[in-house]
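> Questions regarding the structure given below will be posed in turn.
The values are calculated or read from the model by the stated rules, or taken from the named source; none is laboratory data. These numbers come from a predicted model, not from an experiment. So basically every Cβ, Gly included, is an ideal-geometry build from the backbone, and we count neighbours across all protein chains shown.
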Amino acid sequence: MIDILFFGPVAERAKTRQIRLDYREGLRWQDVRDTLQTRHPEAFEIVSIVAVNGQRVGEQDTASLPDGAEVVFMSAFSGG
Amino acid sequence: MNPLTNDAVRLQLEDFSLDAEVSALRAHSKRIGGIATFLGCTRDFSEARAVREITFEAYHAMALAELINLREEAMLRFGLIDARIIHRLGTVQAGENIVLIVAGAEHRAPAFDACRWLIDELKARAPIWKKEITPQGESWVTPHP
């Protein structure tokens, strides 16, 4: 399984905090995004930061996700 | 110990004491000659609206890891003797404390510089979001300098 987490304004727009997707070999975080973007377009409008297992990733990071990975789609931070 | 804490770097629901944190830093070493602090507080007015309270939400594991990394980076970058970073989560009433940075160095300049750098980097790197609660409703805050 792949766990997808949403926080703050992204969670509010997605109307959920967690989604689980079936794992398949070769799945990349970009594939997860493409799948979820169509389901939650309003949430993904404000997504600008992505983390896989607690590490920020970018478009250049194309490694396959391991089974059990945690993928988080986040909006710009506003702490402090 | 609260599971979100690791002493010098903490995410916590409850308020903190500036005096207690400065004392803890001073107890670390008598080589400290300058201590700079940044205390972020909840304003009761923002974007032309009254603000009653702010709710903070974090991606806990990553936020805590980022704050620990920030402290370690600041220690090396500015030659600090010690530093403490505390950020509250949950609901914070107007006028209450949000975040505290304490930086201790042999001299004032690196302490001031580290304090400014730490709060700027925290805002950019720690996955924390805030929502303002006003009499007119609630809204997530868009980051600003």
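> Looking only at the range B:6-26, which residues are at pLDDT 95 or above and either touching a helix residue (DSSP H, G or I) at 6+ places or on another chain (Cβ under 9 Å) or surrounded by fewer than 14 Cβ atoms within 10 Å (Cβ to Cβ) (or both)?
Here is the first cut: in the range B:6-26, the ones at pLDDT 95 or above are B:8-26.
The answer is B:8, B:9, B:10, B:11, B:13, B:14, B:15, B:17, B:18, B:19, B:20, B:23.
> For the range B:110-137, which residues satisfy the criterion of being touching a residue at least 12 places away in the same chain (Cβ under 8 Å) and over 21 Å from residue B:8 (Cβ atoms)?
Hits for the range B:110-137 are B:129, B:130, B:131, B:132, B:133, B:134, B:135, B:136.
> Report whether or not residue B:37 is part of a strand (DSSP E or B), touching a Lys or Arg at 6+ places or on another chain (Cβ under 6 Å) and not small (Gly, Ala, Ser).
No: the conditions fail for residue B:37.
> What residue, among those in the range A:1-10 that are aliphatic (A, V, I, L, M) and under 24 Å from residue B:57 (Cα atoms), is nearest to the other protein chains (Cβ to nearest Cβ)? It would help to see each step written out before you state the result.
Our first condition is that a residue be aliphatic (A, V, I, L, M); within the range A:1-10, this holds for A:1-2, A:4-5, A:10.
With the extra rule that they be under 24 Å from residue B:57 (Cα atoms), the set shrinks to A:2, A:4-5, A:10.
Numbers: A:2: 16, A:4: 12, A:5: 7, A:10: 9 Å.
Checking each candidate, the answer is A:5.
> While we're looking at this one, here's another question. If a residue has to be in contact (Cβ under 8 Å) with a residue 40 or more places away in the chain and either within 9 Å of another protein chain (Cβ to nearest Cβ) or crowded, with 16+ Cβ neighbours inside 10 Å (or both) to count, how many in the range B:48-68 make the cut? Talk me through it step by step, then tell me what you get.
Pass one, the range B:48-68, residues in contact (Cβ under 8 Å) with a residue 40 or more places away in the chain: B:49-60, B:62-64, B:66-68.
Subsequent filtering for residues that are either within 9 Å of another protein chain (Cβ to nearest Cβ) or crowded, with 16+ Cβ neighbours inside 10 Å (or both) retains B:51, B:53-59, B:62-64, B:66-67.
Within the range B:48-68, residues that are in contact (Cβ under 8 Å) with a residue 40 or more places away in the chain and either within 9 Å of another protein chain (Cβ to nearest Cβ) or crowded, with 16+ Cβ neighbours inside 10 Å (or both) number 13.
> Are there any pairs, at least 6 apart or on different chains, whose C-beta atoms fall under 9 Å, with the first in the range B:86-106 and without any contact (Cβ under 8 Å) to a residue 60 or more places away in the chain and the second in a strand (DSSP E or B) and of a type in the set (D, E, K, R), and if so, which?
Correct list of pairs: B:91/B:53; B:92/B:53; B:92/B:130; B:93/B:53; B:94/B:53; B:98/B:88; B:98/B:130.
> For the range B:85-134, how many residues meet the condition of being of a type outside the set (A, V, I, L, M, F, W, C), within 12 Å of chain A (Cβ to nearest Cβ) and out of contact with any strand residue (DSSP E or B) (no Cβ under 8 Å at 6 or more places or on another chain)?
4
> Wholly within the range A:11-70, which strands (runs of 3 or more DSSP E) include no fewer than the required count, namely at least 2 residues that are more than 13 Å from chain B (Cβ to nearest Cβ) and in contact with a helix residue (DSSP H, G or I) (Cβ under 9 Å, 6 or more places away or on another chain)? Break it down stepwise before answering.
Numbers: elements: A:18-21, A:49-52, A:55-57.
Here the list reads A:18-21.
> Just one of (1) in a loop (DSSP other than H, G, I, E, B); (2) within 30 Å of residue A:72 (Cβ to Cβ) trips up residue B:31, so point out which.
Only one criterion is unmet by residue B:31, namely (2).
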